[in-house]
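What follows is a set of notes on a single structure, which appears directly below.
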Amino acid sequence: MVKTTFINLPQEKKERIEQALLHEFSNHSLPKAQVARIVKEADIARGAFYKYFADLTDAYQYIYQRALKQIHAEIKLSEQYDPQMFYQSVVTFLEQTLCSKYAKMVKMHVLYNESLVKQPFASEKLVKLSAQKWSAMMLSHAAIREILANPTLKSAILAQLQAGLLLLKKETK
């Protein structure tokens, strides 16, 4: 967890460090990331990095969660299962991600880092979802992964996602 010393930094310094984190994790997988490059770009001492973050994984989780929070800001899910809403949420997420400063980092996460860090959704919350919503969420995230890994297949993957989400709706009638 990011340390309070980082949270309490002046905004300008915090933004400089966040930019350095974003740059590092957009260009290097977590195992290949280096504190040395981050501190050099952010123009901070190596010791200061460890006053702000426990380690590289902590810094990575901080900047990745920040990215997801910003990208997910406009995505709202209703109480009732709505296949079109899930589909549109994926399309919106992809549009916002691919056009954002976080695009390279999200792709790096999906391709190399996802299995190395704590998942953003707590398992306890996932198992409380209805079977439809759980399935739709898993299907949606799998589609996002596939599209980021194979952008040329975006249209075909989105068509399959839409068909799969509709099948989930039919299963409960």
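The values are calculated or read from the model by the stated rules, or taken from the named source; none is laboratory data. What you see is a predicted model, and the numbers here were worked out from it, not measured in a lab. We place every Cβ from the backbone using ideal geometry, glycine too, and count neighbours over all the protein chains shown. Note: areas computed on protein heavy atoms with side chains; ligands, DNA, RNA excluded. Shrake-Rupley method; radii C 1.70, N 1.55, O 1.52, S 1.80 Å.
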If unit charges are put on Cβ atoms (+1 for Lys and Arg, -1 for Asp and Glu) and the dipole of the chain is taken about its Cα centre, the option from Val90, Gln34, Gln160 lying farthest towards the positive end turns out to be Gln34
When each of Lys13/Lys40; Lys14/Lys51; Lys13/Lys107; Lys118/Lys154 is checked by Cα-Cα distance, pairs over 21 Å: Lys13/Lys107; Lys118/Lys154
Would you mind computing the Rg to Rh ratio of the chain from its alpha-carbon coordinates, Kirkwood style for Rh? 1.03
Of all trypsin sites (Lys or Arg not before Pro) in region 11-79, which ones are in loop regions per DSSP and have a Cβ with at most 15 other Cβ atoms within 10 Å? Lys76
Over the chain, with a Gaussian network built from C-alpha contacts below 10 Å, which listed residue (Ile63, Ile157, Ile144) shows the highest mean-square fluctuation? Ile157
If the chain between Val35 and Leu129 were fully stretched, how many nm would it gain, using 0.36 nm times the residue separation less the Cα-Cα distance? 30.0 nm
Net charge dipole size for the chain [Lys, Arg +1 and Asp, Glu -1 on Cβ; Debye, nearest 20]: 120 debye
Can you compute 3J(HN,Hα) from phi for each residue in region 128-137, using the Karplus curve 6.51 cos²θ - 1.76 cosθ + 1.60 with θ = phi - 60°, rounded to whole Hz and x for Gly and Pro? 8, 6, 5, 4, 4, 5, 4, 5, 5, 5
For the chain, what's the relative contact order in percent, using C-alpha pairs closer than 8 Å and at least 6 residues apart? 25 percent
What residue among Thr92, Thr57, Thr152 shows peak mean-square fluctuation when the chain is described by a Gaussian network model with Cα springs under 10 Å? Thr152
To test your reading of the geometry: what angle, between 0 and 90 degrees and rounded to tens, separates the Cα axis of helix 11-27 from the longest principal axis of the chain? 60 degrees
Which residue, Gln80, Gln34, Gln160, has the most motion in a Gaussian network model of the chain that connects Cα atoms within less than 10 Å? Gln80
Compute, for Val39, the solvent-accessible surface of its heavy atoms (probe 1.4 Å) with the complete set of protein chains present, and express it in square angstrom to the nearest 10. 20 Å²
Unit charges at the beta carbon, dipole of the chain: most positive-side option, Ile44, Met137, Tyr64: Ile44
